[in-house]
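Down below is the structure, laid out as structure tokens.
The values are calculated or read from the model by the stated rules, or taken from the named source; none is laboratory data. The shown structure was predicted, so the numbers you read here are calculated from the model rather than taken from an experiment. Here the Cβ positions follow ideal geometry from the backbone for every residue, glycine too, while neighbour counts run over all protein chains shown.
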Amino acid sequence: MARARTVLPDPSYEELFTRARNRLPGSQLPELAELRRQAWRRVCEIGLPTSRVEEWKYTSILGRVQKALPLLEATAPPLEQLKAAFAGGVEARRLIFVNGRLVPELSHTGGLPDGMAITSLERLAARQPERLAALTRPAEEEGSAFAWLNAAFWTSGAVVELAAGVRPQAPLQLLFFQDAREQAGMTHPRLVVRLGPGARLHLIESHLGEGEAGQWVNLVGAVELGEGAELVHEVMQAPPQSATLLARSRIQLAAGARLVRNIASLGGGLVRNETEVHLCGSGAEALLNGLYMPMEREHVDQFVRVHHEQPGCHSDQFFKGIVGGKARAVFAGRIMVYRDAQKTNAYQANNNLLLSDEAEVDTKPELEIFADDVKCSHGATVGALDPSALFYLRARGLPQAVAESLLTYAFAGEVLERVVDPHLRGQMARRVLDRVPGGGALEAEGLV
Amino acid sequence: MSSAIETVREVTGGEYKWGFTTPVEEETAPPGLNEDIIRMISKKKGEPDWLTAWRLEAYRRWQAMEEPKWAKVHYPPIDFQAISYFAAPKQKERPKSLDDIDPEIRRTYEKLGIPIREQEILAGVAVDYVFDSVSVATTFKQKLEELGIIFCSISEAVRDHPELVRKYLGTVVPPGDNFYAALNSAVFTDGSFVYVPKGVRCPMELSTYFRINAAGTGQFERTLIIADEGSYVSYLEGCTAPMRDENQLHAAVVELIALDEAEIKYSTVQNWYPGDKDGKGGIYNFVTKRGLCKGRRSKISWTQVETGSAITWKYPSCILQGEESVGEFYSVAVTNNHQQADTGTKMVHIGKRTRSRIVSKGIAAGRSNNTYRGLVKIMRGAEGARNYTQCDSLLIGDRCGAHTVPYIEVRNRSAVAEHEATTSKISDDQLFYCRSRGISEEDAVALIVNGFCREVMDELPMEFAVEARKLLGISLEGSVG
Amino acid sequence: MALLEIEDLRARVEGKEILKGVSLSLEAGEVHAIMGPNGSGKSTLAYVLAGRDGYEVTGGAVRFLGEDLLAMEPEERAAAGLFLAMQYPVEIPGVSNMYFLRQALNALRKARGEEEVKPGEFLKQVRAAAELLGMPQELLKRDINVGFSGGEKKRNEILQLAVLEPRLAVLDETDSGLDIDALKTVAQGVNRLRGGERAFLIITHYQRLLNHIVPDRVHVMVDGRILRSGGKELALELEERGYEGFAGKAA
């Protein structure tokens, strides 16, 4: 008897869907209502993953998501906390989502350059409903139940569009605040980012929040870069420990497009990032940098797939993890080189540091190669701090504990220094220091 | 001294040269698997009741299991009821001396280049000859017995050394370990048994040569090697099969046990029939090999050169239980035409300061797929454990695939695991360089591939390194140009 | 019959015409030098002669010992007695120098219908050649060119030359990247291999190598053509005036 690899969603989802579907955005539009129904059917077909599904081998999410939770509503968030998370400088435009719902009154999207548009999905539902189905439909081959769940249940989201050659100076920040002080529930926000040929955007995404009520965020992003377009996407994830954050991005690059993605996971009870990069045009380039630092009982899973579909593309993955307490970190990165993708250069590095005897790292760096004229390599390490570096610092007079803290911070620093926006980098550094044992002392002694 | 490459050309003309059949009368069980067949096999071999019961228990477990599907290999469903689980050359009893062996069988092994003789080219190697389901001969038994080393077929071991077999059989690979191991436990027919007593260094290579001959059968051999405290043994297995249009199943289980400070070196040159160039026929090679480093400072080293089989599914592993024990895996896997290989290792670090090293070289040509799949698991108590893994893939042509799927699980902060992998092709520069020195393109490929694999080839016992090197060249013939 | 006869040779690399009509004739036993600035087509000529893929001959002919050289595969050219000492010798990990050399030598002998070399004889031959070039024995056991310094790689090329005993050796910028001592050693080696029937075609950017290996004739190549040919004094003239002045005058 085959043991089940996936399970049907609990009937509570079906109940919720029946109850809510007439109130969800765009429900007046038959095409969209049908899409939501289809999506819901796909969720049931695929089922929710147990750890017997290879992609979920090291992350069990079922306990957190098997039963439907109420759809979250926006609240009045603590403004000071919001402000503290602002990044991108004074010129930055900002979309603020509270509990997964876009709050226009808190957002700032005025004075955009010609050819740049930011629209909420809710607003589109009212004004251009005919566009909604196209913007919210997952790719037909999409195999993730969560992507379809999002398509069935989304309540809020944003569409960012840049016409050809539009290159706004100021970054755009997407700020997700989970107000879990009272509300438990789930939310399925959706982002669509489209850059025309030669356009350029600096996108900052921050996740934070407060409170003990269990919240689950199922964020789905669809990003398309036209020929020669350039996107710098920087993400800091620091939701409260009560939260589960599942962030799935599908990023398509046309010829000559360039993606830089810097992501730091520095909080949250369970965080899983699924990043699928499709290099669909020759000469496209993707640089993916990541830092994760789960502590206590946190769990972080970085799931990355880079699809080299066309010749002459370049990709580089650089992920570092520091794991303490009873935490667990998972890295599963795969480079896929398709038959036609000759002259591919693809690299992947994953280095991990274990800080405690109860922490665990599971890493699975994969290569799947179907073209012969390629240069692909990967390396993964798991270990403790370099003893010779430790000795060196101690020989220069630093106490052992300080030397350890310093080296741990430096280990993370290799990723932090690649972060472009100084504000965001500062916020990340702050959180990294909070997580490095003895980080406070480092700061007090002016060592960092 | 003739060069390896030249020899290859002369001998083979590029075809699978071991593909003949032997016209020997065989006794074959009817196709199908049920408790009666298992009882029949057990009875035929004169086994004690405990072993019959053990087989039946394995069979019951197998019935409740499903075929593993996670490997990157594709094949039509296997009809396990269409296979005959026992085939043996007809003979009244096992020949008393090497001279009494059926001349046809004798000729077979001569053609395969491993004559049943205790002399000449194999003077330093003792060989157990397994023909379909039974062992037909074992050389140098006498000489080994003088040192207290037991080297015989596992059937003989069951009869003559039941206490050893009963103590260790299934302790490393339990009958319910996986689908194919369960099947093997139910129906295994023959295989080799080795016991090296305390403090003895086995003075010669021990080797088993497996030959599938009969049609419509599978081969399910079982090998058990025990190295007692402070002993050393080097063991090698080789295998070939006739060319047939049908796929034949080979599902072996190998168990190694190394006690305190013992060392086992296990080498395989796997050359089962790979099928023709269109992917027709060939052996399905689903093998479970596992070694237990039970004692402190024990060492188990696997070396494999995999060139044959239509499908290879094989992960020779080490359970590093003893403190400071060492596990090694050196592998060359070559796939050409429509072959599929999913092979690698598992290194499970349990004891303190255990060390493991993995060197894997995958070469894919034609329309083949070649996957390295490996697990390095460092348990909570494995303080100071170390692993180093190097996986390199070489692609020849643009219709093949090379894949690397490592799993690294670490639960001890003082442990270090390092994994590196590269994928590349034979560079045009290298090819041109060789050719401009007068070496033909095909020979240049063989030369460069041999260079790519050398770290692994160097681990093979001398007697077989030359053979293995030739095999690499043959396997890749027709892959360039 | 000339050993090598190049007639109006034209060749393209990646669609770009590099050789625009090169003619050259070389007799057995002669040493010719081809000098020219970077990009003049010197190395292209060397690769075209050796038969490298990607070098497309678009016109002209090359006869080697009366045979159509351009119709041969690279290994056939080697068997016919052509040797190219490369500017950037290639590394082949895992294959020892000695093993490689024996494979190559036996391949050549076999192609010529000769017996394979006896191991003892081969060893003697290689050791003698290594001594001649002041090459440490240890380099023979190492993988081909792996971890060799620039000088060691070049010496290794000359070692192969010495063992494979070609009729014509083309030396492609063998002097580049060598310090003066290494240059002298390499030149000494080449000089000892001179004489008799063996001919050399030495491709170089600088005149300094020609102080040590004195050529019978010097050809100046600019922009895919041989602009001028002359005796060894032409090299000195070139050194003095530089390619630019030279090319200007010719134009």
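Got a sec? Which of B:183, B:206 is crowded, with 19+ Cβ neighbours inside 10 Å, in contact (Cβ under 8 Å) with a residue 40 or more places away in the chain, at negative phi and assigned to a strand (DSSP E or B)?
Exactly one of B:183, B:206 is crowded, with 19+ Cβ neighbours inside 10 Å, in contact (Cβ under 8 Å) with a residue 40 or more places away in the chain, at negative phi and assigned to a strand (DSSP E or B), namely B:206.
In the range C:34-51, is there at least one residue being within 10 Å of chain B (Cβ to nearest Cβ) and either within 30 Å of residue B:469 (Cβ to Cβ) or part of a loop (DSSP other than H, G, I, E, B) (or both)?
Checking the range C:34-51: at least one residue is within 10 Å of chain B (Cβ to nearest Cβ) and either within 30 Å of residue B:469 (Cβ to Cβ) or part of a loop (DSSP other than H, G, I, E, B) (or both).
Examine the range B:380-390 for a residue that is more than 7 Å from every other protein chain (Cβ to nearest Cβ), β-branched (Val, Ile, Thr) and crowded, with 24+ Cβ neighbours inside 10 Å, and state whether such a residue exists.
Among the residues of the range B:380-390, at least one is more than 7 Å from every other protein chain (Cβ to nearest Cβ), β-branched (Val, Ile, Thr) and crowded, with 24+ Cβ neighbours inside 10 Å, which makes the answer yes.
Yes/no per residue for (1) part of a helix (DSSP H, G or I); (2) within 14 Å of chain C (Cβ to nearest Cβ):
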{"residue": "B:403", "(1), (2)": "no, no"}
{"residue": "B:420", "(1), (2)": "no, no"}
{"residue": "B:424", "(1), (2)": "no, yes"}
{"residue": "B:435", "(1), (2)": "yes, yes"}
{"residue": "B:446", "(1), (2)": "yes, yes"}
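Residue check: is residue A:66 closer than 22 Å to residue A:244 by Cβ, more than 14 Å from every other protein chain (Cβ to nearest Cβ), in contact with a Phe, Trp or Tyr (Cβ under 8 Å, 6 or more places away or on another chain) and surrounded by fewer than 20 Cβ atoms within 10 Å (Cβ to Cβ)?
Criteria not met by residue A:66.
Having 1 or more residues that are more than 7 Å from chain B (Cβ to nearest Cβ) and surrounded by 15 or more Cβ atoms within 10 Å (Cβ to Cβ) is the bar; report the strands (runs of 3 or more DSSP E) wholly within the range A:344-448 that clear it.
Answer list for the range A:344-448: A:345-354.
Identify the single condition in (1) modelled with pLDDT of 95 or more; (2) outside any loop (DSSP other than H, G, I, E, B); (3) more than 16 Å from residue B:460 (Cα to Cα) that residue B:286 does not satisfy, given that it satisfies every other one.
Failed condition: (1).
Here is a check on your reading of the model: is residue B:339 crowded, with 24+ Cβ neighbours inside 10 Å, within 22 Å of residue B:404 (Cα to Cα), at pLDDT below 95 and within 16 Å of the chain's Cα centre (by Cα)?
Against the criterion (crowded, with 24+ Cβ neighbours inside 10 Å, within 22 Å of residue B:404 (Cα to Cα), at pLDDT below 95 and within 16 Å of the chain's Cα centre (by Cα)), residue B:339 does not qualify.
Please enumerate the residues belonging to the range B:322-341 that are aliphatic (A, V, I, L, M) and over 23 Å from residue B:476 (Cβ atoms).
B:326
In the range C:56-70, is there at least one residue being of a type outside the set (S, T, N, Q), at the interface with chain B (Cβ under 8 Å from one of its Cβ atoms) and either farther than 14 Å from residue C:169 by Cα or buried (at least 19 other Cβ atoms within 10 Å of the Cβ) (or both)?
No, the range C:56-70 contains no residue that is of a type outside the set (S, T, N, Q), at the interface with chain B (Cβ under 8 Å from one of its Cβ atoms) and either farther than 14 Å from residue C:169 by Cα or buried (at least 19 other Cβ atoms within 10 Å of the Cβ) (or both).
Given (1) modelled with pLDDT under 85; (2) part of a helix (DSSP H, G or I); (3) surrounded by 12 or more Cβ atoms within 10 Å (Cβ to Cβ), where does residue B:19 come up short, assuming only one miss?
Looking at each condition in turn, residue B:19 falls short on (2).
Let me spell it out: the conditions are (1) farther than 19 Å from residue B:403 by Cα; (2) part of a strand (DSSP E or B); (3) β-branched (Val, Ile, Thr), and residue A:335 meets all of them except one. Which number is the exception?
Of (1) farther than 19 Å from residue B:403 by Cα; (2) part of a strand (DSSP E or B); (3) β-branched (Val, Ile, Thr), only one is false for residue A:335: (1).
Would you say residue C:24 is in contact (Cβ under 8 Å) with a residue 24 or more places away in the chain and either in contact with a Pro (Cβ under 6 Å, 6 or more places away or on another chain) or closer than 20 Å to residue C:166 by Cα (or both)?
Yes, satisfied.
What's the number of the condition residue C:124 fails, among (1) under 21 Å from the mean Cα position of the chain (by Cα); (2) surrounded by fewer than 19 Cβ atoms within 10 Å (Cβ to Cβ); (3) more than 8 Å from chain B (Cβ to nearest Cβ)?
Status for residue C:124: all satisfied but (1).
Those residues that are out of contact with any strand residue (DSSP E or B) (no Cβ under 6 Å at 6 or more places or on another chain) and assigned to a helix (DSSP H, G or I), I need them from the range C:55-79; list them, please.
C:71, C:74, C:75, C:76, C:77, C:78, C:79
Considering only the range B:163-170, I want to know if a residue exists there that is at pLDDT 90 or above, part of a loop (DSSP other than H, G, I, E, B) and in contact with a helix residue (DSSP H, G or I) (Cβ under 8 Å, 6 or more places away or on another chain).
Yes, the range B:163-170 contains a residue that is at pLDDT 90 or above, part of a loop (DSSP other than H, G, I, E, B) and in contact with a helix residue (DSSP H, G or I) (Cβ under 8 Å, 6 or more places away or on another chain).
Please specify each residue of the range C:90-118 satisfying the condition of being more than 7 Å from chain B (Cβ to nearest Cβ) and assigned to a loop (DSSP other than H, G, I, E, B).
Across the range C:90-118, the qualifying residues are C:91, C:112, C:113, C:114, C:115, C:117, C:118.
Would you point out the residue of the range A:1-30, among those that are within 14 Å of another protein chain (Cβ to nearest Cβ) and among the hydrophobic types (A, V, I, L, M, F, W, C), that is farthest from residue B:64 (Cα to Cα)?
In this case the residue turns out to be A:4.
For the range B:355-365, indicate whether the set of residues that are of a type in the set (Gly, Ala, Ser) and surrounded by fewer than 24 Cβ atoms within 10 Å (Cβ to Cβ) is non-empty.
No, there is no match, as no residue in the range B:355-365 is of a type in the set (Gly, Ala, Ser) and surrounded by fewer than 24 Cβ atoms within 10 Å (Cβ to Cβ).
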